[in-house]
Amino acid sequence: MDIKSLIRDISDFPKPGIMFRDITPLLSHAEGLRFTIDHLADQCKANNLNPDIIVGMESRGFIFAPALAYHLDAGFVPVRKPGKLPSAVHTIEYDLEYGTDQLEIHQDAVEKEKTVLIVDDLIATGGTAKATAELLEKLGCHVLGFAFIIELKDLKGRERLPNLPIISLVKY
């Protein structure tokens, strides 16, 4: 199955000059979605990524991370934007192309020494994934690697991440 054929290009979104890679056609295609999750799980296994926990980044990481956690017999933990989690949190601020943002995780979300795989739909500059890894290190976790559906190679996000396995299924 060609995952890329189920991703729609939308020009000038969310602002002029940006080519948005829209995964909603992939999500609505039952066979394509199943293939994507299965392929991601196969790639994790092939790379010996057997985490205790899958961490999904807000918001589209929440789509893929729980399904992958199910396949890999792991738990799922969300990393959210500020103000969305009801208990005590750790927060990290990180740089975006157009400013800064923050991410939060519950302080008791993952036990120390647990192994973690970070999952999102897309890696662009790598800022969100890098911040998530730093946040997990604050909790005393061992980040095993990263898994993405889409990689925007020209933005060189992979170069900003720690020297760990990085899986991406579709490259632009």
Residue in the stretch 155-168 that is charged (D, E, K, R) and without any contact (Cβ under 8 Å) to a residue 24 or more places away in the chain present: no
Scan of the stretch 122-153 for residues that are of a type in the set (D, E, K, R), more than 28 Å from residue 34 (Cα to Cα) and either part of a loop (DSSP other than H, G, I, E, B) or out of contact with any His (no Cβ under 9 Å at 6 or more places or on another chain) (or both), ordered by number: 134, 137
Selection count, the stretch 22-63, where residues are among the small types (Gly, Ala, Ser) and in contact (Cβ under 8 Å) with a residue 24 or more places away in the chain: 4
Filter result for residue 54 (hydrophobic (A, V, I, L, M, F, W, C) and in a strand (DSSP E or B)): yes
Of residues in the stretch 114-172 being among the acidic types (Asp, Glu) and closer than 21 Å to residue 48 by Cβ, the one surrounded by the fewest Cβ atoms within 10 Å (Cβ to Cβ): 137
Single residue of the stretch 1-44 satisfying the filter (assigned to a loop (DSSP other than H, G, I, E, B) and of a type in the set (Val, Ile, Thr)) that is surrounded by the fewest Cβ atoms within 10 Å (Cβ to Cβ): 18
When residues of the stretch 45-64 are limited to those that are closer than 24 Å to residue 105 by Cβ and of a type in the set (A, V, I, L, M), the one surrounded by the fewest Cβ atoms within 10 Å (Cβ to Cβ): 63
Which listed residue, of 85, 117, 68, is outside any helix (DSSP H, G or I), at pLDDT 95 or above, within 22 Å of residue 149 (Cα to Cα) and not polar (S, T, N, Q): 117
Unmet criterion (only one of (1) at pLDDT 95 or above; (2) more than 16 Å from the chain's Cα centre (by Cα); (3) of a type in the set (D, E, K, R)) for residue 104: (2)
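The values are calculated or read from the model by the stated rules, or taken from the named source; none is laboratory data. These numbers come from a predicted model, not from an experiment. Glycine also receives a Cβ, built like all others from the backbone with ideal geometry; neighbour counts cover every protein chain displayed.
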